Amino acid sequence: MSPDLTLVLQLLIGGVAIGGVYALIALGFVLIYKATDVLNLAQGEMLLLGAYVSYGLIAQIGLPVPVAFLITLAFSIVLGITIERVALRPLIGEPAISVIMVTIGLAILLRSIVIGIWGTEYRVYPDVLPKESAQIGPLSVSLEFLWSFGIAMALVALFALAFRYTRVGIAMRAVADDQQAALSMGINVRFVFATSWVIAAIVSSIGGILLASIQGTGILLATLGLKALPVAIVGGLDSIIGAAVGGVIVGVLETLSAGYLDVPLGGGVRDVAPFVFLVLILLVKPYGLFGKERIERV
Amino acid sequence: MSSAIAWRRECGTFHTTYAADMALRPTPLARARIAIVIFAALAFGALAGRYELSIANQVGIAAVGALGLNVLVGFTGQISVAQGAFLGVGAYTSAYLTTRIGVPFWVALPAAGLVTAAVGGIFGIPSLRLKGLYLVIATLAAQVVIEWFMIHLVPVTGGSQGIFGIPAPALGPLVFDTERAYYFLTLAAVALAVLGCANLFRSRAGRAFIAIRDQDVAASVVGVDVFRYKITAFMVSSFIVGAAGALQAHHDLIVSPENFNLAVSIEYLGMVIIGGLGTVSGSLYGAAFIRLLPIALATVARSVPGIALNVNVLKEAAFGVAIIGFLILEPRGIAKVWRDIKDYFRLWPFKY
């Protein structure tokens, strides 16, 4: 195999792996948007909080990893319910800008809580995933990438199936489709709202743990939540499949542009490329690749 | 006119001429109030100390920027998170023109507005097809891309160091290089922006903006050219924001990328929300609130002994809490609170 091709493949694998985690975070956006029509810009900070709580439990208190993981999940559930109950429910029926701003306010608050407790310095996350790398032909693939990709994709698939076949999933789809009709069919819309926030909190915590174990724990993790935005938008804000596909596309785009364009353009391209791509996609398909077009009536 | 009539409040609409109907300040009391505000602002400029004036300058510059943002978000309903980048375009344009080309401030300021208006117009084009949340993300893309250019277009922007040695504005022998002198410049800019915006929304274009905000499909049905007016809104807003950026550049005498990042966009959105969406006065209240909140907090934290808290974290948390609190308790902001207070006294002692 030529060295060029090896490089491309290497970049592709890295991109797909990181894209899997993006897809998981984007899943949080999509679930909340689908059920409640809210774009949750605090997703990155929910991820940050999940990562730090698990870090605190494992590295600072010294709990075994599975126990710490379960406590983090329980914490995410409480966090999701609290956010929905305190901040989002009073805003039902308010204009989009209010709802967006309240999630931004949440983001700022959650981040300052994290900084207040843990400070801003970078911390090495304890080894949760195996660190060795596997050799596939000429390519070396880090096992933690494979693991995190596998976990992320399994979760995305799990939620996609649950959304389709379980009772709660069907209720969520009904609410997403038409709140009033769902209410009149006896669906507990409040419960559905709370559930979607809980699920979003859980997936972002898991995403946070995966990313933290790959990159370490730092405040910059929150900006990765911002990166999941183009993922959700490229795929279409209301499509779970879109989140998975968008995640991989953005991940690959990032590593490829970082690999090829960073040197000629002077760095930082990996942060910009997804957004440029995003605008181009939106100009052609305003509802993303798999999003459902909204028909507007006066 | 007897004094009893001169001090009455408006208590219903009794206009007999179009001029009276269109007046910005319909009653003598309202006119007296505005005269007091102007007098107080001038007196503050003459009497206040350097520290107070520097805070006032920050508030004033933020107020101009918030007004610009409010034209877009509050009046036209197009949510933008590219405010920081647009401020930056204005600031960098003016800094570049005055330092590298030697253009005087009085030319660079409108030029900064025009360049920002052009950039804003370009990034407003996606609003043709994108609405609501998707548009938010498109403006986020604008923010990220423009920020990237600020850092990487080194020959023009000076990279991450930015541009320094920006000259203070000068008018003949008069140089605006002290906080006091600059205060009057800022005050004039705020007054211009307020007058411009207040009148904009009584014009044909302004009414079109509001129609688009309230229901864009309905607006297009009644004959409003939605796309044209959306772009116009982006350009008008960006012009004001760009001018605010230029004002900031010549006040700080330095521009660098971290002053125009996403956090700045969010700060300005916070001003507009807390002050009151779609109100001219609200932009001023919001700018003052957001600029004074951290200063007040720092003062309190210093005066309370034994607080070992990180003040910066406290400021951030307070900002987040303020946004959430206002949205939950008074979504229409300080402007609404102020109007409620006035309404209470208007009919006092009667309930209605």
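The values are calculated or read from the model by the stated rules, or taken from the named source; none is laboratory data. This structure is a prediction, so every number in the text was calculated from the model and none was measured. Here the Cβ positions follow ideal geometry from the backbone for every residue, glycine too, while neighbour counts run over all protein chains shown. Ligands, DNA and RNA are excluded from the accessible area calculation, which covers all protein heavy atoms including side chains. Shrake-Rupley method; radii C 1.70, N 1.55, O 1.52, S 1.80 Å.
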Item to complete: Scan the stretch A:241-298 for residues that are under 22 Å from the mean Cα position of the chain (by Cα), β-branched (Val, Ile, Thr) and more than 7 Å from chain B (Cβ to nearest Cβ) and report the count.
Response: 9
Worksheet, complete the sentence: Filtering the stretch B:97-135 down to residues that are within 14 Å of another protein chain (Cβ to nearest Cβ), of a type outside the set (A, V, I, L, M, F, W, C) and open to solvent by less than 50 Å² (accessible area, probe 1.4 Å) yields B:GLY124, B:PRO126, B:SER127, B:GLY132, B:TYR134
Worksheet, complete the sentence: Only one of (1) assigned to a helix (DSSP H, G or I); (2) more than 15 Å from the chain's Cα centre (by Cα); (3) of a type outside the set (D, E, K, R) does not apply to B:GLN78, and that is (1)
Worksheet, complete the sentence: If we keep only residues of the stretch A:87-102 that are more than 8 Å from chain B (Cβ to nearest Cβ) and in contact with a helix residue (DSSP H, G or I) (Cβ under 8 Å, 6 or more places away or on another chain), then the residue surrounded by the most Cβ atoms within 10 Å (Cβ to Cβ) is A:VAL99
Worksheet item: Looking at the stretch B:198-253, which of the residues that are among the aromatic types (Phe, Trp, Tyr) and open to solvent by less than 30 Å² (accessible area, probe 1.4 Å) is nearest to B:GLY68 (Cα to Cα)?
Response: B:PHE234
Fill in: Set B:GLU267, B:GLU316: member being within 11 Å of chain A (Cβ to nearest Cβ), part of a helix (DSSP H, G or I), closer than 21 Å to B:LEU69 by Cβ and open to solvent by 60 Å² or more (accessible area, probe 1.4 Å)
B:GLU316
Worksheet item: Since A:LEU41 meets every condition but one in (1) within 14 Å of chain B (Cβ to nearest Cβ); (2) of a type outside the set (D, E, K, R); (3) farther than 30 Å from A:ALA174 by Cβ, which condition does it not meet?
Response: (3)
Response to the item:
Contact list, first residue from the stretch A:255-278 and touching a residue at least 60 places away in the same chain (Cβ under 8 Å), second anywhere and β-branched (Val, Ile, Thr) and open to solvent by 20 Å² or more (accessible area, probe 1.4 Å), beta-carbon distance below 8 Å, six or more apart or interchain, is A:LEU256/A:VAL8
Worksheet item: Is it true that some residue in the stretch B:86-96 is under 25 Å from B:ALA193 (Cα atoms), away from chain A (no Cβ under 12 Å) and in contact with an Asp or Glu (Cβ under 8 Å, 6 or more places away or on another chain)?
Response: yes
Item to complete: Go through B:VAL71, B:VAL37, B:VAL64, B:VAL59 for me and flag whichever is outside any loop (DSSP other than H, G, I, E, B), modelled with pLDDT of 90 or more, aliphatic (A, V, I, L, M) and more than 28 Å from B:ARG180 (Cα to Cα).
Response: B:VAL71
